[in-house]
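Visitor: Take a look at the following structure, please.
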Amino acid sequence: MADMAPIVLSGLPDAPSAESLGEHGDDESSLDLAPAEVVTTDDVMDWKRITDTFYMRRWRMFDMVWKEPDLGSHIVRAAPCGGPIVVAPQRGAFSVMGGTGTRHDAVRVYNGAGMRLAVIDPPSSGGRLVTAGITNGCRVVVVRSDGAVDLFSPLGERLRVSFSLPGSTCASVGAPAGGAPGSGPADLGALLGGGRSRAGSVVMAEVGRRGLAALLLCEEEVPSDDPDAPDGATVTVSALKLVICGDLDSDAPGQRCTHPMPCMLDGRPPASMALLDFEGDAPVDVILATSDLSSPALVVVSEDGCDPVRAVSGFSGLPAVADRMAVSPDGRSVALLCGSQLRVYRSALTEPLLVVEVADLLADLAGAAGGAGLSSPGGDVGRTPPPTTLAWLGDEDGIALHWDGWGILIVGQDGSCCGWRYAKPSAVLSEGDGLRVLTADHHDFLAMVVEDSRWARLDMSQPGARLVNAAELFDTRDASAMEAVQSLQRAGELSAAVDQCLAAAEEEHSRVVQQRLLAAAYFGTRASDAGSSPASLSAVCRRIRVLNALRRPAVGCAMTAFQLEVLTPAAAADRLSQQLQHDAALRVCQCMGLPTRRVLEHWAAAKVAKCRPDEEAATLQVVSQRLQAEPGVSFADVAAAAHASGRAHIARSLLRLEPRLRRKVPLLLQMREGAAALDAALRGADLGLVSLTVAQLRERLAVNNDVGFEGAGRAGTALDDADDGGDEGAVTAGGMAEDGAAAGASGRAADSEGSSAAEGAGKERLFALLSGRPQALAMAEEQLSEDDPVMLQQLLEGAGRFRRAAQESLRLAGRETRFSRRLRELGNAVAILTRGIDGGDRSLTGLRTAVQNQMELLSAQVKLEQSFDAPMRFVGRSLADTLLELLRLEGDGSDRAKALAARLKVPDSRFWYLRIEALAAARAFDELAALAAKRSPVGYAPFVRAFLDARPRAMAQAKRVCPKVEDPPERLRLQCECEAWDDAAETARRIGTAAAAIEALQAMGMRGSGTEARAKLEALAASGR
């Protein structure tokens, strides 16, 4: 056995050292993770037995500092796992609909100790408050009668994701906040609180942990039942519809689904409503209890729209209307209060798990020892009023029946019960492992005693309790301590005893009890053969330090070990950051070995947002130094917060430190720093980012001149120079502020002119910006080629690329099918080329002439089509094809071709080629021979080839024309093809080379054997000349 030493807690992990983020190091909100004064002790004698084997206990979490004397008349909600508390005025579900009245619906947000975090005042105009709640992500949800759903942070900052319910008054375009009453029937108006209610108003709403359901009054056209009404006549009646919204914690709150009210409700509002919205991304389901006394029932409506409305299958019916309903925190069970009967079901709502009369429970409690001092809420068990609230104790530990001003009755799953007295107005809130009870003075937590705590503190036969006893004996130098440890070790129970002590320590809230159990666990590990503290002991100690620190009133986020595990320490740190408890959040992260990046980013954003103008320089220095010491921190997120709060200088300075271009460039564009954004994207060599930047620049600048540019004509900016290197201390310099002011002034001056002038100025800036950046210009060229060809032409012309701009006009002309539009594009190309020539580029002259000829041709083609009676197609053909088609025509086709060729200045040689081709294609060999008899500007070889292509029919004409070919070698080849061997021999003799003779002999082959021509050729070939 390892050497024993006195049991001290020096082996527990020390609190991590971290410099305070606050301005004052001794700030009350700073988180001390060392053991501290106990809030309240938890005596085993105060435990209450609920069954033979289970006990309940009550912890006093906080002495509340708020001034909320009457919680019973308010809506009280809280985020799970010890989250912030929302208190809103209680209004009847239907009374909110009548009249305007006095507005007293400010919503207050508190931490667990009752310290006020925010006051959310009602809007100056609009509907009154219907209900309020808070989500898993600590978003405060406020639903108003006009259908507005406002989302707030725990500090009361309205979030941009707020929305309106579809079909509500607030969602109607142009609808006033307080309109005239609707035309609903008097009976429905009476159900809604007496009087008529306006269509689109919210009648009833319920906020869950990640979704909400709202009941809206609407108007429908139904067939008239008046016998005197004409056929097809309709009347307007009031009806109800249900709107379900899911995932309120997302950046885009979930789909808002609208369903008609189930027919089982017979057009009446439900008696109660509850949400099943606890399973991740699963659709939100709504359970509705009918208000019909003759046939009470339940109906389930689903968010996903798949079989959205269904009566509960296999449901055995209810003895009375379910006017209270509660869903367990895990969403697996539902408790109903039907008159005086409590019923518990699984969420499938088949057979009940528990059916019990409330009066019987109170009678049993009054006669039991555990019920001493608890009389019936109404003073008479036979006249018990219905509970104020129905809530769950943990996921499935029990159900709490709460009577405001009397107390709480806890009912176990087997029907056993125990009670807790609360004489003052109170509110109860379900947690995954217990029940939070709020009063004007205290914040209590009721929970079942976990098995490890019960063993360690009650059952002395268990290893954990024996180890605790041995550790206490060891502290008093009692020799029997070692005997007890050896006994546990021999029985192989020492490891189990240590585990029990550690588990029980995590569950305890009393620091005194925690230290006893941890000391026993430490004693057990030192007494073991291993002789060293296991990692589990260190991990438990760290979690307990965090839990104790979170339970401090200044932090106000008390939670249990189970809740910390469900929430996770990272999410707990995020909650602290949301409440501006950055010191506490930072120390929690450091204690649990978590990254501190998110905490630092939130701290920096909050610090920048609240600094005064004269503090900007000092704030920037503090924030930049602290963030640079943390690897991986996002300067862009902090800069975005600075920009949103109007701290442009700080935002620009922080962006210099951001190394990730995909975070930096979009924010630069948002800040009107277009040139800096483009240069940053180009330096990063990220083609996708460059393309995205160019697209946003031309959309936001060229369209409405919305983006400012500093130094658009140069390729760098003051912001970019800082990125390339230099003194980092220059981050706090004011140069960027001057640039931003100049850009803003120029933007305002442009906006003061007409919209067309602003657009023109914006395009000029864009062209100047891109012209000095070839890669960006290429990207813009590629995008504009399809998106905005006209702007592309302007961009290219502005960059001095007249030929490319004209080519773009020609491309557009080729795509046009209408003559007028094609001619317009060609004229635009001519105008661009003319401007280029006037600018000194004489190389464009030929291209301009070609485009002008194309315009002439197009006009002539249109006139030709119009001049023929029969349908002819000329438009779209080339000049050569047009002339060929005319030359093939009978009548005046040839004259038309000559006129067109003269008009377009077609060279004679080109026109003769076309005439030869046309006559050959028409098999007009006599006309072709007559043409060959004339003096030809193209020679006579084309005639011979035209005749040869029609062999043997035109072979005679080919032989007659061959001697007119001027080039002897070419004439020889053509004579060989015409098989004019005598002429070929004479031509070879005149050429006088053996090679010519050999060429003729190869062409002749065996066909000229024994002829005089062959003999001449062979003699010439043999001469070798």
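The values are calculated or read from the model by the stated rules, or taken from the named source; none is laboratory data. Worth saying up front: this structure is predicted, and the values here are computed from it rather than measured. Note that we place each Cβ from the backbone using ideal geometry, even for glycine, and neighbour counts take in every protein chain shown.
Visitor: Identify all residues within region 418-437 that are touching an Asp or Glu at 6+ places or on another chain (Cβ under 6 Å), part of a strand (DSSP E or B) and surrounded by fewer than 23 Cβ atoms within 10 Å (Cβ to Cβ); write none if there are none.
Guide: none
Visitor: Could you identify the single residue in Arg545, Arg511 that is buried (at least 23 other Cβ atoms within 10 Å of the Cβ) and under 22 Å from Val588 (Cα atoms)?
Guide: Details: Arg511 fails: buried (at least 23 other Cβ atoms within 10 Å of the Cβ).
Testing whether each residue is buried (at least 23 other Cβ atoms within 10 Å of the Cβ) and under 22 Å from Val588 (Cα atoms) leaves just Arg545.
A quick yes/no check of all residues on (1) touching a strand residue (DSSP E or B) at 6+ places or on another chain (Cβ under 9 Å); (2) modelled with pLDDT under 95; (3) in a helix (DSSP H, G or I); (4) at positive phi:
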position: Leu517; (1), (2), (3), (4): no, yes, yes, no
position: Gly524; (1), (2), (3), (4): no, yes, yes, no
position: Asp529; (1), (2), (3), (4): no, yes, no, no
position: Ser532; (1), (2), (3), (4): no, yes, no, no
position: Ala549; (1), (2), (3), (4): no, yes, yes, no
position: Ala558; (1), (2), (3), (4): yes, yes, no, no
position: Pro595; (1), (2), (3), (4): no, yes, no, no
position: Val599; (1), (2), (3), (4): no, yes, yes, no
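Visitor: Of the numbered conditions (1) modelled with pLDDT under 90; (2) surrounded by 22 or more Cβ atoms within 10 Å (Cβ to Cβ), Gly167 satisfies every one except a single condition; which is it?
Guide: (2)
Visitor: Among the residues of region 348-364, write down those that are touching a Gly at 6+ places or on another chain (Cβ under 6 Å) and modelled with pLDDT under 85.
Guide: Residue satisfying the conditions is Thr350 alone.
Visitor: In a helix (DSSP H, G or I) and under 30 Å from Ser859 (Cα atoms) - does that describe any residue in region 920-940?
Guide: First, pick out the residues of region 920-940 that are in a helix (DSSP H, G or I): 920-921, 925-932.
In the following step, the residues that additionally are under 30 Å from Ser859 (Cα atoms) were identified as 920-921.
Scanning region 920-940 turns up at least one residue that is in a helix (DSSP H, G or I) and under 30 Å from Ser859 (Cα atoms).
Visitor: Of everything in region 802-820 that's assigned to a helix (DSSP H, G or I) and either hydroxyl-bearing (Ser, Thr, Tyr) or touching a strand residue (DSSP E or B) at 6+ places or on another chain (Cβ under 8 Å) (or both), which residue is farthest from Met855 (Cα to Cα)? Can you show your working first?
Guide: Going residue by residue through region 802-820, those that are assigned to a helix (DSSP H, G or I) are 802-815, 819-820.
Then keep just the ones that are either hydroxyl-bearing (Ser, Thr, Tyr) or touching a strand residue (DSSP E or B) at 6+ places or on another chain (Cβ under 8 Å) (or both); that gives 809, 820.
Working: Ser809: 13, Ser820: 11 Å.
Selected residue: Ser809.
Visitor: Only residues in region 644-663 that are part of a loop (DSSP other than H, G, I, E, B) count as the first member; pair them with residues that are of a type in the set (Phe, Trp, Tyr), Cβ under 8 angstrom, at least 6 apart or cross-chain, and list the lot.
Guide: From residues that are part of a loop (DSSP other than H, G, I, E, B), the pairs are Leu657/Phe635; Glu658/Phe635.
Visitor: Ala901 versus (1) part of a helix (DSSP H, G or I); (2) in contact with a helix residue (DSSP H, G or I) (Cβ under 6 Å, 6 or more places away or on another chain); (3) under 25 Å from Arg971 (Cα atoms): which is the lone unmet condition?
Guide: Just one mismatch for Ala901, condition (3).
Visitor: Going residue by residue through region 986-993, is there one that turns out to be at pLDDT below 75 and farther than 19 Å from Ala956 by Cβ?
Guide: Within region 986-993, one or more residues are at pLDDT below 75 and farther than 19 Å from Ala956 by Cβ.
Visitor: Additional query: Considering each of Ala585, Ala642 in turn, give the residue that is modelled with pLDDT under 90, of a type in the set (A, V, I, L, M, F, W, C), farther than 26 Å from Asp499 by Cβ and buried (at least 19 other Cβ atoms within 10 Å of the Cβ).
Guide: Ala642
Visitor: I'm trying to understand the selection: among the residues of region 72-85, which are buried (at least 20 other Cβ atoms within 10 Å of the Cβ) and outside any strand (DSSP E or B)?
Guide: Within region 72-85, Ala79, Pro80, Cys81, Gly82, Gly83, Pro84 meet the criteria.
Visitor: Right, next: Would you confirm whether any residue within region 799-817 is at pLDDT below 70 and loosely packed, with under 15 Cβ neighbours inside 10 Å?
Guide: No, the conditions are met nowhere in region 799-817.
Visitor: Mind counting the residues in region 399-417 that are crowded, with 19+ Cβ neighbours inside 10 Å and on the phi > 0 side of the Ramachandran plot?
Guide: 1
Visitor: While we're here: Here is a check on your reading of the model: is Ala680 within 26 Å of the chain's Cα centre (by Cα), part of a helix (DSSP H, G or I) and free of Cβ contacts under 8 Å to residues at least 40 places away in the same chain?
Guide: no
Visitor: Separate question: All but one of (1) crowded, with 17+ Cβ neighbours inside 10 Å; (2) more than 30 Å from Thr882 (Cβ to Cβ) hold for Trp912; which doesn't?
Guide: Result: Trp912 fails condition (2) only.
Visitor: Please work out if Gly711 is under 21 Å from Ala640 (Cβ atoms) and at pLDDT below 70.
Guide: no
Visitor: Being farther than 21 Å from Ser153 by Cα, in a helix (DSSP H, G or I) and touching a strand residue (DSSP E or B) at 6+ places or on another chain (Cβ under 8 Å) is true for just one of Gln563, Gln625. Which residue is that?
Guide: Working: Gln625 fails: touching a strand residue (DSSP E or B) at 6+ places or on another chain (Cβ under 8 Å).
Among Gln563, Gln625, only Gln563 is farther than 21 Å from Ser153 by Cα, in a helix (DSSP H, G or I) and touching a strand residue (DSSP E or B) at 6+ places or on another chain (Cβ under 8 Å).
Visitor: To continue, here is another question. Here is a list of conditions, (1) charged (D, E, K, R); (2) within 30 Å of Thr834 (Cβ to Cβ); (3) surrounded by 14 or more Cβ atoms within 10 Å (Cβ to Cβ); (4) modelled with pLDDT under 80, and Arg888 meets all of them except one; can you say which number that is?
Guide: For Arg888, the exception is condition (2).
Visitor: Being of a type outside the set (Asp, Glu) and within 23 Å of the chain's Cα centre (by Cα) narrows it down to one of Val622, Val638, so name that one.
Guide: From the options Val622, Val638, the qualifying one is Val638.
Visitor: So which of Thr568, Thr560 ends up being surrounded by fewer than 21 Cβ atoms within 10 Å (Cβ to Cβ) and of a type in the set (Val, Ile, Thr)? Walk me through how you get there before you give the answer.
Guide: Values: Thr560 fails: surrounded by fewer than 21 Cβ atoms within 10 Å (Cβ to Cβ).
Selected residue: Thr568, the only one of Thr568, Thr560 that is surrounded by fewer than 21 Cβ atoms within 10 Å (Cβ to Cβ) and of a type in the set (Val, Ile, Thr).
Visitor: Please tell me if Ser153 is modelled with pLDDT of 90 or more and hydroxyl-bearing (Ser, Thr, Tyr).
Guide: yes
Visitor: For region 823-853, which residues satisfy the criterion of being buried (at least 19 other Cβ atoms within 10 Å of the Cβ) and either acidic (Asp, Glu) or part of a loop (DSSP other than H, G, I, E, B) (or both)?
Guide: Glu825
Visitor: Can you work out which of the residues in region 200-242 that are within 21 Å of Met273 (Cβ to Cβ) and part of a loop (DSSP other than H, G, I, E, B) is modelled with the lowest pLDDT?
Guide: Gly200
Visitor: Let me ask another. Take the residues in region 820-860 that are among the charged types (D, E, K, R) and in contact with a helix residue (DSSP H, G or I) (Cβ under 9 Å, 6 or more places away or on another chain), then tell me which one is farthest from Gln793 (Cα to Cα). I'd like the intermediate steps shown before the answer.
Guide: Restricting attention to region 820-860, the residues satisfying the condition of being among the charged types (D, E, K, R) are 821-822, 824-825, 835, 838, 841-842, 848, 856.
This time we only want the ones that are in contact with a helix residue (DSSP H, G or I) (Cβ under 9 Å, 6 or more places away or on another chain), so: 821-822, 824-825, 835, 841, 848, 856.
Details: Arg821: 16, Arg822: 16, Arg824: 14, Glu825: 11, Arg835: 13, Asp841: 17, Arg848: 16, Glu856: 23 Å.
So the residue we want is Glu856.
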